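Down below is the structure, laid out as structure tokens.
Please treat every number below as a calculation from the coordinates, not as lab data. What you see is a predicted model; the values in this text were computed from it and never measured. Note that each Cβ is placed from the backbone with ideal geometry, even for glycine, and that neighbours are counted across all protein chains shown.
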Amino acid sequence: VNFARAATASSCSFSRTIHFTTPTPIHRPSRFRSEWFNNSLLHMMHLLLVCACFVSWFLVATGGRTTIYVDSKNGDDTNSGFDPKHAVQSIFRAESLVVNSSVLCLAAGSMWMESMNLHRVHNVSIVTSAPGKTCDVADSCNHNFTQLIRARIWPNNFTVASITLTDTSNITLDGLDLGKAFFGVRVLFKTAKSMHTAPIIGPTIRNCILRNVKNQQYVPTGGTWAAAIHVGAIAINAINTIVQNLTIQNSLFYLCDAGLRVGAQYHGVVGPVLLDRMTMNGNSFYHNQYNTVELISNTRSLIQKNVFFHDAPEQIPFASGTTDLIIGTILGNSIIGNEFAFRGEFPGAPDGCAMDFETNATGTTIVGNYITHSYGAGIMVFGHSDGSNNDLIVNGNTFVQDGCIQPRGDHSAVAFIHTNSTGVLSNNTYVRCANVSQPVFFNANPNSGAGWKHINDNIISASEAIVAAPPVLSLRLVRNKTSGMDGCMNVSMIHHESYPAAMTAVFYTIDGSAPTNDIADTSSMRFPACGVILCSVSIINAKQWYDAGNDNPVQTTLPSATVSVVVFPDAI
């Protein structure tokens, strides 16, 4: 090898020509090359040391997190994105900056007509923050962002998701407005389950609005419903990956095809994952169309203090799939303190239950729920002809006139369809239908309910029951004249004389809390968890209002009972 010619012909100008008189397969560098190499190596080591010191300082200063600021109105993609005054503008640019443990601060009032896609990152938080302010994910209440317009990711494309998380773990979505898409949030897994060396922690979705998540075509058979949250495997060897602690709380689901779907096989999903210790707490589901929440492959999940209100399809007639909780093969789950109201297609339609145990659930506890005017059965124990639901405990629930005019078998407060199911019904209250011939318990087959034990059934007639009517609410941010508070809400509930005001109260706020009966104690009335205070709650008697012949309603004080507070997203 003629190194002299190679060196001379190069673009570099060496100070001397290098000669090797004897070609040899082992090329030893000259003293010059050795010095140059050593000097370069020394400079590189110095540079790496400086970088390491900076990274160490940065990790200490930021608690190990990289904070990225994104502002659709005032940001610029040529900015660094690492402080509020130098926010980037696009979701695409923000994605490129994300590393493990990043915090994405999306400026309140921003809106993006694009999707967010994160891959193989962990411990990332995506939150709404006040524009130009620092972002404290540990205590987002400091900025009271619930009184601001949430950052919106609305692709305006009903074939994509607002946010897609692929092979991620422990992602937090806080205070976002997601919608105008086919999915709100997709949680997908591609890596083989055998390759995971640490537990996978599902995302936490809290204080969010998920709305207008729809298939633009009417799909009555249930195959390709859009979903506010869609979880599944997109590779065969990722099916049944165990995902722990998926958490959905204090969020509003409004005008969606479905709320939560697990393993629904479309848009690339080939099967389910296993959800362990999932928690759904303090959410509102309002005017969603089809099966609202699927519990398909869950173990040890907690469904608590949610309100499902007037979920019904927009088009009729409908075939099937209008259930608030559709329950498959699950083990050891708890459904506690929820309210289910007016679920179904329409009164007299052939489908619609508050809860449907569709296949093989084992060891589910159902305690303290309020199930009123479900168009189908309050609870249907279906099981299929080749399945069974076993060891179900139904205790201390209230059923109010459920399944009264359902033309199919899934009617009454509790309907038993197939045999072989077992459970206990204890200490429940059942308000009968006005049609006294409608049974409280329905057996589709002679022995369908034979495996169930009844303890202390409290059955009362419709004429004996005084049930609060659903409220009509006006939830708008106002300035209260008495207190001078900005951003509080006046709540008005209209009721008919047949429903005495003494039986009406605010039972539920969007964070799942139950306010006290004393309206002076506003500390217990917050909307949502760390947001807007209810500055007044008034009861309007409709009959007295109209009898008075003017527009000044008669208002009464707030007494105690149980109804739902319906939350409209344009009030947020």
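Equivalent ellipsoid semi-axes for the range 149-214, as square roots of 5 times the alpha carbon gyration tensor eigenvalues: give them largest first, rounded to whole Å.
Value: 25, 14, 7 Å, ordered largest first.
Work out the FRET efficiency for N390 and K190 from their Cβ-Cβ distance, taking R0 = 41 Å, and round it to the nearest 0.05.
Once rounded, the FRET efficiency stands at 0.75.
Any idea what the dipole of the range 340-403 comes to, in debye rounded to 20, about its Cα centre with Lys/Arg Cβ at +1 and Asp/Glu Cβ at -1?
220 debye
When ranked by the protection proxy of mean other Cβ atoms within 10 Å per residue, highest first, what sequence do the peptides 253-263, 370-380, 88-98, 118-128 form?
370-380, 253-263, 118-128, 88-98
By average Cβ neighbour count within 10 Å, what is the ranking of 149-159, 171-181 from highest down?
Result, highest mean Cβ count within 10 Å first: 171-181, 149-159.
Show log10 I(q)/I(0) for the range 62-104 at q = 0.22, 0.31, 0.33 Å⁻¹, two decimals, from a solvent-free Debye sum over equal Cα scatterers.
With one equal scatterer per Cα and no solvent, log10 I(q)/I(0) is -0.60, -1.06, -1.15.
Could you work out the local net charge near I371, counting Lys and Arg as +1, Asp and Glu as -1, over the other residues with Cβ closer than 9 Å to its Cβ?
Charge balance in the 9 Å sphere: -1.
For Y218, what charge total do you get from the other residues with a beta carbon under 14 Å from its beta carbon, if Lys and Arg give +1 and Asp and Glu give -1?
Charge balance in the 14 Å sphere: -2.
Can you give me the three principal axis dimensions of the range 410-456 from its C-alpha atoms, in Å, biggest first?
Taking max minus min along each principal axis of the Cα atoms, the range 410-456 gives 31, 23, 13 Å.
To the nearest 0.05, how large is the calculated FRET efficiency for S437 and F346 if R₀ is 22 Å and r is the Cβ-Cβ distance?
Taking R0 as 22 Å, the efficiency between S437 and F346 is 0.50.
Please list, ordered by chain and number, the residues whose modelled amide H lies under 5 Å from the amide H of G423; skip anything fewer than 5 residues away on the same chain.
D391, L392, W452, K453
Quick check: net charge around F182, other residues with Cβ under 12 Å of its Cβ, Lys/Arg +1 and Asp/Glu -1?
Residues close to F182 contribute a combined charge of +3.
Name the residues whose placed amide hydrogens come within less than 5 Å of the amide hydrogen of G202, ignoring near sequence neighbours (fewer than 5 apart) on the same chain.
Under 5 Å from the amide H of G202: N170, Q244, N245, L246.
In Å and from the alpha-carbon atoms only, list the Rg and Dmax of the range 157-288.
Rg then Dmax for the range 157-288, in Å: 13.9, 43.
Check R343: other-chain or 5+ apart residues with amide H under 5 Å from its amide H, H built from backbone geometry?
Amide H neighbours of R343: S374, Y375.
How much length would be gained if the chain were fully extended between S461 and Y218, taking 0.36 nm per residue of separation minus their Cα-Cα distance, in nm to one decimal?
So the chain would gain 83.5 nm between S461 and Y218.
log10 I(q)/I(0), Debye, Cα-only the range 300-350, no solvent, q = 0.26 Å⁻¹?
-1.02
Roughly speaking, what is the centre-to-centre gap between the range 393-443 and the range 70-111 when only Cα atoms are used, to the nearest Å?
Taking the Cα centre of each part, the range 393-443 and the range 70-111 sit 53 Å apart.
Given N residues in the range 320-424, what is Rg(Cα) / (2.2 N^0.38 Å)?
Compactness ratio reported: 0.96.
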